[in-house]
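Asks: Below you will find the structure I want to go over with you.
The values are calculated or read from the model by the stated rules, or taken from the named source; none is laboratory data. Note that the structure is predicted; figures quoted are calculated from it, not measured. All Cβ positions, glycine included, derive from the backbone under ideal geometry; neighbour counts span all protein chains shown. To get the accessible areas, we keep the full protein, side chains included, count just its heavy atoms, and leave off ligands, DNA and RNA. Shrake-Rupley method; radii C 1.70, N 1.55, O 1.52, S 1.80 Å.
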Amino acid sequence: MITIKAFDWKASIAPECGGNLFQLAWNGKELLRSPRSLEELKESPSVYGIPVQFPPGRIDGGEFEFNGKQYCLPINEPERNNHLHGLALEAKWEVVEQSSEHIRIGMRYDEKNPEFAGFPFRF
């Protein structure tokens, strides 16, 4: 978890938990729904802050067609037979650049990811 402060702002991000900006405050006023702990964020990453959901939403059966080609994502919501909230939500992100007033993070999705066979697009 990394917290930065600049002017009247405070922001916390967890690169190891999907790159989620899970806390944002201005003049001490919380602007986002934030977890009480990092463990709580890990248990429900889509509930707090501004989670990165790509591809977003639920994909019925984990499969979709685009431009005449079929794609298949893993079923991670088995009780509804869906792929839920994408490939970035729980991925480990890396700090690319950081100072006392800003942070830039990123993640890599390529052939090394187990889901790449069903969603073969690098990002």
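Asks: Please state which of the following conditions Leu87 fails to meet, knowing it meets all the rest: (1) under 25 Å from Lys112 (Cβ atoms); (2) touching a strand residue (DSSP E or B) at 6+ places or on another chain (Cβ under 6 Å).
Replies: (2)
Asks: Output the residues belonging to region 88-123 that are of a type in the set (Asp, Glu), surrounded by 14 or more Cβ atoms within 10 Å (Cβ to Cβ), within 19 Å of Phe22 (Cα to Cα) and more than 15 Å from the chain's Cα centre (by Cα).
Replies: none
Asks: Further, regarding this structure: Would you check which residues across region 41-60 are open to solvent by less than 50 Å² (accessible area, probe 1.4 Å) and more than 14 Å from the chain's Cα centre (by Cα) and list them?
Replies: Listed by number, the list holds a single entry, Ile59.
Asks: If you don't mind, there's one more thing I want to ask. Being among the aliphatic types (A, V, I, L, M) and closer than 14 Å to Pro51 by Cα is the filter; apply it to region 12-34 and report the residue that is least open to solvent (accessible area, probe 1.4 Å).
Replies: Ala14
Asks: What number of residues within region 61-73 satisfy the criterion of being open to solvent by less than 70 Å² (accessible area, probe 1.4 Å) and under 15 Å from Phe121 (Cβ atoms)?
Replies: Residues flagged as open to solvent by less than 70 Å² (accessible area, probe 1.4 Å) and under 15 Å from Phe121 (Cβ atoms) within region 61-73 amount to 4.
Asks: Please report, ordered by residue number, the strands (runs of 3 or more DSSP E) entirely within region 1-115 with at least 3 residues that are free of Cβ contacts under 8 Å to residues at least 24 places away in the same chain.
Replies: Those strands (runs of 3 or more DSSP E) span 9-14, 63-66.
Asks: Moving on. Condition check: open to solvent by less than 70 Å² (accessible area, probe 1.4 Å) and in contact with a Ser or Thr (Cβ under 9 Å, 6 or more places away or on another chain). Does Leu38 satisfy that? Break it down stepwise before answering.
Replies: Numbers: open to solvent by less than 70 Å² (accessible area, probe 1.4 Å): yes; in contact with a Ser or Thr (Cβ under 9 Å, 6 or more places away or on another chain): no.
No.
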